[in-house]
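Report on one structure; see the data block that follows.
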Amino acid sequence: TWAGKSLRYDATLPYTLFSSAQDLLDASSSTFFDIIFMDIYYFEIYGHVLQVHTTCGVYPYRASLSDVISVLNGAHFAQPHKSFYVNLVYIDHLNARRLFLTTGTKIPIASLRKNEFMQAFQSFLRSK
C-alpha cells in the first residue's frame, strides 16, 4: 500500500534530490528525512521547482511533476491542473472551477483536466 511510503528529502541539497523517479522512494541516510505520502497535501510546480506542501511545511525540489506522478500512480492523488497534483484525502469540497482543501487552500481545476480529475475523485470516494 502507498500509505507507508515516503519521499526522501535531503535537507542539505533540496534542489538535487531527484535524479529519477526511483529517487523519490523511501531511503535512509543521516542527512535525509522522510515525508510520508499521507502527510502531503499537494505538489505544485512553481518557477520550475516542485513545491511539496505537507503537514509540516513546504519543501522545494528540482524535479518534474511527471516523476512524482509516475511514482504515485494508483495512489490517492490526482491532477486537477497542469501545475498541481493533489492528495484526494485532503479535499474538503469542490465546484466546477476549483477545489478546496481542508487547509483552506484553493486549487484551480483546469477545464481540460476536469473530467479525468472528477473521475479520479469519484473513484476515490467510492473506495472509502
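The values are calculated or read from the model by the stated rules, or taken from the named source; none is laboratory data. Because the structure is a prediction, the values reported are computed rather than measured. Note that each Cβ is placed from the backbone with ideal geometry, even for glycine, and that neighbours are counted across all protein chains shown. The area values use the complete protein model at the heavy-atom level, side chains included, leaving out ligands, DNA and RNA. Shrake-Rupley method; radii C 1.70, N 1.55, O 1.52, S 1.80 Å.
At Asp92 and Ser66, where each label point lies 7 Å from the Cα along Cα→Cβ, what is the point-to-point distance in nanometres?
My value for the distance between the label points is 3.5 nm.
Could you order peptides 98-111, 37-50, 76-89 by the average number of other Cβ atoms within 10 Å of their residues, highest first?
Highest-to-lowest ranking by the protection proxy: 76-89, 37-50, 98-111.
Under a plain spin-label model, where a point goes 7 Å from the Cα along Cα-to-Cβ, how far apart in nm are Leu112 and Phe100?
So the label points at Leu112 and Phe100 sit 2.8 nm apart.
Let me know the shape class of segment 71-128, please: from the alpha-carbon gyration tensor, a ≥ b ≥ c as square roots of the eigenvalues, rounded when a/c is under 1.5, otherwise prolate if a/b is greater than b/c, or oblate.
Cα axes put segment 71-128 in the rounded bin.
In Å², and per residue, what accessible area does segment 59-98 have when probed at 1.4 Å with the other protein chains present?
48
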